[in-house]
Number of protein chains: 2
Amino acid sequence: MEDVVRALGYATLGSRLKRIGEKLQAQTQDLAGELAGTGLPTPHNPVLAALDRQGPLSIGDLAKALGQSQPGITRMINKMKSEGLVSVTSLEQDRRVSTVALTEAGRHLVDHLKATLWPAVSFAVADACAGLDGPLLQQLDQLEAALTEQSLSTRQTGQPLPDWDTLDLETRS
Amino acid sequence: MEDVVRALGYATLGSRLKRIGEKLQAQTQDLAGELAGTGLPTPHNPVLAALDRQGPLSIGDLAKALGQSQPGITRMINKMKSEGLVSVTSLEQDRRVSTVALTEAGRHLVDHLKATLWPAVSFAVADACAGLDGPLLQQLDQLEAALTEQSLSTRQTGQPLPDWDTLDLETRS
DNA sequence: CCTCATAACATAACAAGTTATATAACACGA
DNA sequence: TCGTGTTATATAACTTGTTATGTTATGAGG
């Protein structure tokens, strides 16, 4: 059965990118289950990372930092608040803005993720991307094939992982 | 405000790909509004293209051809059926399988899209991708910047578009 | 033939993104 | 100070993807 989305090339690049992104997120979720045992949904990771990097942020700034719409952020923050990972307080000077900050539990989770899941994902994805070459569509072909052939979880070497903060510019970009 | 998803590189590649894919789809939708005037949702285009390329297909085969799950296809087909674009008939030999085929209206729409939207999108996306170079993350940086700077609709040259069927291997891949 | 496993599709519930709009707080000019 | 416009967030409705599960049809063995 022909892969139509792949065959149409530029015409369906949007669908293609979404599809690969979802596959990556699904495999990341699997890896999270094995590694960290936390049931943290994959899209919540960037939120935690943003708060870790930048400290407390408003809803709007979080939306900008993650490049998505404000209502989406509001909903995610509500869920994370209900799980005790973040606290939301309204700003003294301007009570329209609510400031989102990591709670103690949130910070602990971040520390755990920095030591386990986040570097593991970086390495596994870097491994899947190793050897990619050529124009964009070709690299996407290669990446999609690589992910199909071997999932992120089986790309775990088992070797000791460096902590997140020490790995920044090496594997990450 | 730092773009965290971009900054985290491989660790958030899934989110990144989804984000770019959604942006592309949104801009494709805009282009569709200007060009074709049809309110066809962007994800329905690959379904039409698959049926156009392969003739009538079962739900399961469509799911394979598009690389998504069967329930998603079922729902999309139901909507397209309700809009008169496809017909669904159950197979004589095996009444479990339902065969999806373009209706007359569906075929007319496909012909229209082949003459307008599909080649236009191919060209516009190819234009946005022109000059991309380097490793995957770098090409994604460049692509995302290109889409932000100039939308697909403003990449329309206005010059005559070749018909879809004559453009296959040239711009498409 | 009847049963049971399998296969195809449908349905339901959920997740996470979007747009459009409502609400509430602020800021400024008449 | 009183509207009035703007800004920040919340809410609602929708889309489109997912998984889990139900239903019906097929086919194969006893």
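The values are calculated or read from the model by the stated rules, or taken from the named source; none is laboratory data. The structure presented is a predicted model; accordingly, all values stated were derived computationally and were not measured. Glycine gets a Cβ as well: all are built from the backbone with ideal geometry, and neighbour counts include every protein chain shown. Remember, those area values only see protein heavy atoms, side chains included, never the ligands or the DNA or RNA. Shrake-Rupley method; radii C 1.70, N 1.55, O 1.52, S 1.80 Å.
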Among A:Pro162, A:Pro135, A:Pro71, which one shows the highest mean-square fluctuation when chain A is modelled as a Gaussian network with alpha-carbon springs under 10 Å?
A:Pro135
Mean-square fluctuation maximum in Gaussian network of chain B, Cα pairs under 10 Å, restricted to B:Arg95, B:Arg155, B:Arg16, hits B:Arg95
Given springs between every Cα pair under 10 Å in a Gaussian network model of chain B, which of B:Gln142, B:Gln25, B:Gln150 has the largest fluctuation?
B:Gln150
Tell me which of A:Gly55, A:Ala11, A:Ala32 sits at the most positive position along the dipole axis of region A:1-65, charges placed on C-beta atoms (Lys, Arg +1; Asp, Glu -1).
A:Ala11
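Relative to the Cα centre, what is the charge dipole magnitude of region A:41-103, using +1 at the beta carbon of each Lys and Arg, -1 at the beta carbon of each Asp and Glu, and rounding to the nearest 20 debye?
Numbers: 7 positive and 5 negative charges, 33 e Å.
With Lys and Arg at +1 and Asp and Glu at -1, about 160 debye.
Near B:Met1, within a Cβ-to-Cβ distance under 13 Å, what is the net charge of the other residues, with Lys and Arg +1 and Asp and Glu -1?
Numbers: positive: A:Arg53, A:Lys64, B:Arg6; negative: A:Asp61, B:Glu2, B:Asp3.
Here the count lands on 0.
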Between region B:111-141 and region B:56-80, the alpha-carbon center distance in angstrom
25 Å
Listed here are the pairs B:Lys18/B:Lys81; A:Lys23/B:Lys114; B:Lys18/B:Lys64; which of them are more than 23 Å apart at the Cα?
B:Lys18/B:Lys81; A:Lys23/B:Lys114
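What FRET efficiency comes out for B:Arg75 versus A:Glu83 if R0 is 45 angstrom and r is the Cβ-Cβ distance? Round to the nearest 0.05.
On the way: r = 30 Å, r/R0 = 0.67.
The computed FRET efficiency comes out at 0.90.
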Approximate spin-label separation B:Ser98-B:Gln159, in nm, with each point projected 7 Å along Cα-to-Cβ:
4.5 nm
If amide H atoms are built 1.01 Å from N in the plane of the peptide, which residues on other chains or at least 5 residues away come under 5 Å of the amide H of B:Val86?
B:Lys81, B:Thr103
May I ask you to give the solvent-accessible area per residue for region A:41-103, in square angstrom, as obtained with a 1.4 angstrom probe?
51 Å²
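Note down the relative contact order for region A:41-103 as a percent, whole number, built from C-alpha pairs under 8 angstrom at least six residues apart. Each step should come with its number before you reach the end.
Working: 67 pairs, mean separation 22.2, N = 63.
Over region A:41-103, the number comes to 35 percent.
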Against the 2.2 N^0.38 Å scaling, with N counting residues, where does the protein assembly as shown land? I'd like the Cα-based Rg ratio to two decimal places.
1.08
Hey, what number do you get for chain A at 222 nm if only DSSP H runs of n ≥ 4 count, each worth -39500 (n - 2.57), divided across all residues, to the nearest 500?
-18000 deg cm²/dmol
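Work out how much length A:Arg53 to A:Ala145 would gain on full extension: take 0.36 nm times their residue separation and subtract the Cα-Cα distance, in nm to one decimal. Don't skip to the end; give the middle numbers.
On the way: separation 92, 0.36 × 92 = 33.12 nm, distance 3.32 nm.
Working it through step by step, the gained length comes to 29.8 nm.
In Å², nearest 100, what accessible area do chains B and A bury in total when the solvent probe is 1.4 Å?
4000 Å²
Summarise the accessible area of region A:41-103 (1.4 Å probe, protein heavy atoms) by the percent that is carbon and sulfur.
Details: 1600 of 3240 Å².
Carbon with sulfur: 49 percent of the solvent-accessible area.
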